[in-house]
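Undergrad: What follows is a structure written as structure tokens; I'll ask about it next.
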Amino acid sequence: MKVLITGGGGFIGSHLAEAHLERGDEVWALDTAMNLKVRHLLTNPRFHYVKASVLDAEALEAFVIRADLVYHHAAVVGVEHYVDDPFNVLNVNILGTLNVLRLAHRHGKRMTFASTSEVYGRNPKVPWKEDDDRVLGATTTDRWCYSTSKAAAEHYCWAFRRMGLDVSVVRYFNIYGPRLDKIDVGRVITIFMGQLLREEPLTIIGDGSQTRCFTFVEDAVRATMAAGLKPEAVGHAFNVGDDRETSILDLATTMLKIAGREPGAHLKYVKQEEVYGPRYEDIQRRVPDITKMKTILKVRPQTSLEEGLRATIDWFRYESEHRPSLTTSSMEAKG
Ligand code: UDP
């Protein structure tokens, strides 16, 4: 099978590429980023890295034509972007998706769209089922532009489904693992990772009672592949996540424990506005209902938080010592 992964140079895309190569497929990863996260795949003759943007429909078309299956993962992701560059978030996430959908439809290809748990916003009624309400704040609060961009793209998916496109949608819940962002930037785990490796206190925003369902990337990839390959997945949205809820305080203490440090003395509490500024709203609880993932995709999360964090910490430790280009950034720490 020939597989195109837009955003194939990114975190989940690179793991998905690996998994399809292991199945014996030929993979094209299209991305605007440097190929750092897939450089271990570059010697594989069935792997091709294409440096192009999903906003460039002409470049994209040549690769959609040759694929049997298209995963659309290219997007502007990360809290710092929602707050700093909403124009880019909206443009890439909506117009880029429209380009991929148009081409997949034109050439009769099957497609899976990578969406997010952010589409549910701050709906207080957890766990969220796929058809639950979206509860968002005002458009003047920049943080909602990401949720809105992904939801608009999902609406486009359903519009193209009506026109005959075989499309499915996966909504990711806090996926983590090796090759997640660089340390100190991106998600809470990579921010804690930088602090852990330097033996600094871990910065808890607020009181740390806010929860997330951290999902190990290998579990997320198994679900994503099932959404791409199983005929019964077409026309569905799926929550892809682990349904075990973890508070940020528990995440921090688990990471400290794995690293062999005493939790109490190594935490620092900071105010949300100090980190994100006044134009950001945190979400208190984010929990998926994963019935559809289990019954239609036939995938269950298998990796415990402790196991997954151990693998992630080991990977970041090793890479930051041996190949720091993949794990370190010139950007300053947020926390
Ligand atoms: N967070 C934290 N300390 C940090 C960075 C993040 O306590 O240094 C919290 C953040 O306030 C949020 C949670 O960790 O409640 C997850 O944040 P992340 O940026 O990973 O993304 P989100 O799940 O909110 O999209």
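The values are calculated or read from the model by the stated rules, or taken from the named source; none is laboratory data. It should be emphasised that the depicted structure is a prediction, and the values quoted were computed from it without experimental measurement. Cβ: placed from backbone, ideal geometry, glycine included. Neighbour counts: every protein chain shown. We work out accessible area using only protein heavy atoms, side chains counted, and drop any ligands, DNA or RNA first. Shrake-Rupley method; radii C 1.70, N 1.55, O 1.52, S 1.80 Å.
Undergrad: For region 1-112, what does the alpha-carbon gyration tensor say about shape, rounded, prolate or oblate, given a ≥ b ≥ c as the root eigenvalues, a/c under 1.5 as rounded, and a/b over b/c as prolate?
TA: Values: a/c = 2.10, a/b = 1.26, b/c = 1.68.
Oblate, because a/c is 1.5 or more while a/b does not exceed b/c.
Undergrad: Just the Cα atoms of region 97-178: what Rg and Dmax do they give in Å?
TA: 14.0, 41
Undergrad: Right, here's the next one. Starting from the Cα of LEU95, step 7 Å along the direction of its Cβ; do the same at THR140; then give the gap between the two resulting points in nm.
TA: Output for this residue pair reads 2.7 nm.
Undergrad: Something else about it: Could you run the Karplus curve 6.51 cos²θ - 1.76 cosθ + 1.60 with θ = phi - 60° over region 39-45 and give me ³J(HN,Hα) per residue in whole Hz, x for Gly and Pro?
TA: 3J(HN,Hα) across region 39-45, in whole Hz: 5, 6, 9, 5, 7, 6, x.
Undergrad: OK, next. If the cut-off is a Cα-Cα distance under 19 Å, which lysines reach LYS257, setting aside same-chain residues fewer than 8 apart in sequence?
TA: Answer for LYS257, where 19 Å is the Cα cut-off: LYS268, listed by chain and number.
Undergrad: Using 7 Å Cα-to-Cβ label points, what is the ASP25/ARG106 separation (nm, one decimal)?
TA: My value for the distance between the label points is 2.3 nm.
Undergrad: Taking a 26 Å limit on the Cα-Cα distance, which of the listed pairs LYS125/LYS292; LYS150/LYS271; LYS2/LYS298; LYS2/LYS37; LYS129/LYS230 fall beyond it?
TA: Working: LYS125/LYS292 18 Å; LYS150/LYS271 28 Å; LYS2/LYS298 23 Å; LYS2/LYS37 21 Å; LYS129/LYS230 21 Å.
Exceeds cut-off: LYS150/LYS271.
Undergrad: Based on Cα positions only, what radius of gyration and what Dmax would you give for the chain, in angstroms?
TA: Considering the chain through its Cα atoms, Rg and Dmax are 19.1, 59 Å.
Undergrad: Can you list the aspartates and glutamates whose alpha carbon is less than 15 Å from that of LYS294, not counting same-chain residues fewer than 8 positions off?
TA: GLU130, ASP219, GLU232, ASP242, ASP243
Undergrad: OK, next. In region 10-169, carbon and sulfur make up what percent of the accessible area (probe 1.4 Å)?
TA: Details: 3590 of 6830 Å².
After summing per-atom areas, the C and S share lands at 53 percent.
Undergrad: Can you show me the helix-derived [θ] at 222 nm for the chain, built from DSSP H runs with n ≥ 4 at -39,500 (n - 2.57) apiece and divided by the number of residues, rounded to the nearest 500. Present the calculation step by step, with values, prior to reporting the outcome.
TA: On the way: 12 runs with 124 residues, N = 335.
After summing the helix terms and dividing by the residues of the chain, the value is -11000 deg cm²/dmol.
Undergrad: Now, a different point. Between ILE183, CYS157, PHE87, whose Cα lies farthest towards the positive end of the dipole of region 38-197 when Lys and Arg beta carbons carry +1 and Asp and Glu beta carbons carry -1, centred on the Cα centre?
TA: Checking the options against the dipole of region 38-197, the answer is CYS157.
Undergrad: Just the number please: accessible area per residue for the chain, 1.4 Å probe, all protein chains included, in Å². Could you put the intermediate results ahead of the total?
TA: Working: 14210 Å² over 335 residues.
Per-residue accessible area for the chain comes out at 42 Å².
Undergrad: On to the next question. Using Cα pairs under 8 angstrom and six or more residues apart, how large is the relative contact order of the chain, in percent?
TA: Numbers: 655 pairs, mean separation 59.1, N = 335.
Over the chain, the number comes to 18 percent.
Undergrad: Rounded to the nearest Å, what's the spacing between the alpha carbon centres of region 250-318 and region 1-38? Just the number, please.
TA: 25 Å
Undergrad: Report the extension gain between ALA59 and ASN123 in nm, rounded to one decimal, defined as 0.36 nm multiplied by the number of residues separating them, less their alpha carbon distance. Present the calculation step by step, with values, prior to reporting the outcome.
TA: Values: separation 64, 0.36 × 64 = 23.04 nm, distance 3.89 nm.
Full extension of this stretch gives 19.1 nm more.
Undergrad: Another question, then. Which sequence of GLU22, GLU130, GLU273 reflects their accessible areas, 1.4 Å probe, from the largest down?
TA: Details: GLU22 155, GLU130 25, GLU273 105 Å².
Listed by decreasing accessible area, they come as GLU22, GLU273, GLU130.
Undergrad: How would you order 172-184, 49-61 from highest to lowest mean count of nearby Cβ atoms within 10 Å?
TA: Details: 172-184: 22.8, 49-61: 16.2.
Ranked by mean Cβ neighbours within 10 Å, highest first: 172-184, 49-61.
Undergrad: Which order do peptides 94-107, 307-320, 208-221, 258-271 fall in by mean Cβ count within 10 Å, highest first? Could the numbers behind the result be given before it?
TA: On the way: 94-107: 20.4, 307-320: 17.8, 208-221: 21.9, 258-271: 12.6.
The most tightly packed comes first, giving 208-221, 94-107, 307-320, 258-271.
Undergrad: Related question: Pop a pseudo-label 7 angstrom from the Cα along the beta-carbon direction at both MET1 and LEU267 and give the gap in nm to one decimal.
TA: A separation of 4.4 nm, rounded to one decimal place.
Undergrad: To the nearest 10 degrees, how steep is helix 188-197 against the longest Cα principal axis of the chain, on a 0 to 90 scale?
TA: The helix 188-197 is inclined about 50 degrees to the chain.
Undergrad: Moving on to the next point. Averaging sequence separations of C-alpha pairs under 8 Å and six or more residues apart, then dividing by the length of region 217-335, give the relative contact order as a whole percent. Don't jump to the answer; show the numbers that get you there.
TA: On the way: 76 pairs, mean separation 42.8, N = 119.
Relative contact order for region 217-335 comes out at 36 percent.
Undergrad: Sticking with this one: Rank by packing, highest mean first: peptides 87-93, 250-256, with packing defined as the count of other Cβ atoms within 10 Å averaged across residues.
TA: Numbers: 87-93: 17.4, 250-256: 20.7.
Listed from highest to lowest mean packing, they are 250-256, 87-93.
Undergrad: Which whole number in µm²/s is D for region 74-227 by Stokes-Einstein, with the Kirkwood Rh taken over Cα pairs at 10 °C and 1.306 mPa s? Before the final figure, lay out the partial values.
TA: Numbers: Rh = 17.1 Å.
This corresponds to a translational diffusion coefficient of 93 µm²/s.
Undergrad: Turning to a different aspect of this structure: Scan around VAL270 for amide H atoms under 5 Å from its own, H built in the peptide plane at 1.01 Å from N, and keep only partners 5 or more places away or cross-chain.
TA: Those qualifying (amide H under 5 Å, at least 5 residues apart or on another chain) are ILE204, ILE205, GLY206.
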